[in-house]
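Enquirer: First the structure, which I've put down as structure tokens, then a few questions once you've had a look.
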């Protein structure tokens, strides 16, 4: 019984980290959509923004001692990603 619970937790954590990676890519892409660039967003630049956004959200998700667990914790970290990308946008503007 304990092995199944640990396996379920591992799968849940893996899915959460994949969701964080996907949202980091989406928010980084959305950041450059709002800039008026005739050539469009460069995939290398998007990747360069995605990595710090994901690493920061990964750090917050894994190492912050918050009493929020499960989907609530995931939503808080996604909110942090949104705030981070919005801050970068207003700083670059």
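Enquirer: Can you tell me which residues in region 35-64 are loosely packed, with under 15 Cβ neighbours inside 10 Å and within 11 Å of the chain's Cα centre (by Cα)?
Expert: 51, 52, 55, 59, listed by residue number.
Enquirer: How about region 65-74: which of its residues are over 10 Å from the mean Cα position of the chain (by Cα) and part of a helix (DSSP H, G or I)?
Expert: First, the residues of region 65-74 that are over 10 Å from the mean Cα position of the chain (by Cα): 65-73.
Hits for region 65-74 are 71, 72, 73.
Enquirer: Search region 42-64 for residues that are outside any helix (DSSP H, G or I) and pair each with any residue that is modelled with pLDDT of 95 or more when their beta-carbon atoms are under 8 Å apart and the residues are at least 6 apart or on different chains.
Expert: none
The values are calculated or read from the model by the stated rules, or taken from the named source; none is laboratory data. Keep in mind the model is a prediction, meaning the values are calculated, not measured. Cβ coordinates were reconstructed from backbone atoms using ideal geometry, including for glycine residues, and neighbour counts include every protein chain displayed.
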